[in-house]
Amino acid sequence: MENEAKKVMLSGIQPSGDLHLGNYLGAIKNWSVRADQFDCYYFMADMHTITVRQNPADLRRRTLEQLAQYIACGLDPEKNTLFVQSHVHQHAELGWVLQCYTMFGELSRMTQFKDKSKKNADNINGGLFAYPSLMAADILLYQPDLVPVGEDQKQHVELCRNVVQRFNGIYGDVFKMPEFYSTKAGARIMCLTQPESKMSKSMPEGCVFLMENPDDIMRKFKRAVTDSDTERCVRYAPDEKPGVSNLMSIYSAVTGKSYDEIEAEFEGKGYGAFKPAVGEAVVELLRPIREESQRLIKDKAYLESVYRAGAEKAGYVAEKTLRKVYKKIGFLQR
Ligand code: TYM
């Protein structure tokens with residue numbers, strides 16, 4: 001009974017590359033916030049990755065590594081449902097239904113579609129275009145209250161909300177309206193070498209990976225682009241000083257300190273002291289995550305047991321929603 005009253009939180013990450021600091025601060029870190037008050041579903045979004053060509057062996061390896069890293073980041077499989085998206089066939093099924101309730105114009109406006117089409121001009125496939133409908137299905141199968149993601153995914157959550165409104169407008173209260181959830185400091189972590197772009201695996205020199213060794217992390221922070229202003233003081237001003245402001249966001253998200261506190265801490269010290277301090281804070285944040293992931297990845301049997309149990313629980317919940325949807329839209333019951 002108690003479980004029925006619990007709110008639901010859900011999110012996913014594509015195992016298309018190694019997890020990085022942007023993924024952690026923008027999303028994963030918020031996944032365990034108030035975990036005791038929520039029923040939590042977190043998955044490896046492997047079906048989304050094939051909108052861009054993947055090497056099959058790498059995809060399999062990364063999917064399992066991502067699960068180990070989720071757990072190492074503090075997601076206890078006893079308290080969170082952790083699963084692989086493709087193991088729960090209802091995602092594909094509801095994805096198709098929701099494509100029929102998503103408009104061509106809406107999908108055409110998606111920033112991620114426009115960006116990825118530019119980067120993969122020789123493979124602008126239907127899946128890349130319809131991606132947000134599958135993401136809406138990922139979300140709505142579990143009727144979540146909150147979807148903790150970084151700022152770059154907000155547009156997709158908004159589209160999902162439009163689909164809810166459209167679908168519920170026709171068939172009544174089928175889906176719960178999900179809310180986007182993020183925190184100020186981590187919502188948009190920028191690239192260390194090009195602070196006008198978001199941190200992403202496609203620019204590895206400006207990206208810090210969760211599994212990276214401390215020397216490489218320190219090197220990246222020491223080389224981080226700061227700003228060519230003459231003032232050279234640590235001050236939060238994203239438009240004037242994007243490089244320093246990004247480092248402040250990272251430092252704030254990692255240490256919990258406010259921007260005022262950070263400005264006071266580095267007053268009169270300049271960038272030379274600030275950059276290694278951010279590097280060290282990140283190294284210490286990631287050290288236990290890296291060590292625990294390395295330990296877990298060796299225990300394949302344990303990881304398998306986690307994703308099997310996760311798929312079973314997720315599948316049960318997903319099936320309930322899918323049946324309701326099929327009935328509402330007029331599919332004959334089996
Ligand atoms: P993906 O795999 O690109 O990114 C995973 C999560 O990391 C966040 N993120 C960032 N946050 C802050 N700064 C950054 N530089 C940064 N880079 C990435 C993303 O916002 C995201 O939260 N479509 C999704 C995956 C997905 C999903 C879902 C998410 C599929 N189905 C259902 C939520 C619910 C994606 O491509 O995220």
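Along the axis of the charge dipole computed for the chain (Cβ charges of +1 for Lys and Arg, -1 for Asp and Glu, origin at the Cα centre), the listed residues 233, 9, 163 are led at the positive end by 163.
Expressed in units of 2.2 N^0.38 Å, where N is the residue count, the Cα radius of gyration of the stretch 204-294 is 1.08.
Under a model in which nothing but the beta-carbon of Lys, Arg (+1) and Asp, Glu (-1) is charged, the stretch 204-294 shows a dipole of about 240 debye around its Cα centre. Of the residues 330, 288, 92, the one whose Cα sits farthest toward the positive end of the charge dipole of the chain, with +1 on the Cβ of Lys and Arg and -1 on the Cβ of Asp and Glu, is 330.
For the chain, the share of DSSP beta bridges that are antiparallel, to the nearest 5, is 10%. Both radii are taken from the alpha-carbon atoms of the chain; with Rh as the Kirkwood radius, Rg/Rh is 0.99. Taking a straight Cα-Cα cut-off under 21 Å and skipping sequence neighbours fewer than 8 places away in the same chain, the lysines within cross-link reach of residue 269 are 220, 222, 241, 257.
Evaluated with a Cβ-only charge set (Lys, Arg +1; Asp, Glu -1), the chain carries a dipole of roughly 980 debye about its Cα centre, given to the nearest 20.
Annotation: amide H of residue 210 within the under-5 Å range of 19, 20, 21, sequence separation 5 or more or interchain, hydrogens built in the peptide plane. Peptides 224-233, 135-144, 317-326 ranked from most to least packed, by the mean per-residue count of other Cβ atoms within 10 Å: 135-144, 317-326, 224-233.
Every number in this text was worked out from the coordinates using simple rules, so none of it is lab data. Because the structure is a prediction, the values reported are computed rather than measured. As a convention, Cβ positions derive from the backbone with ideal geometry for all residues, glycine included, and neighbour counts pool all protein chains shown.
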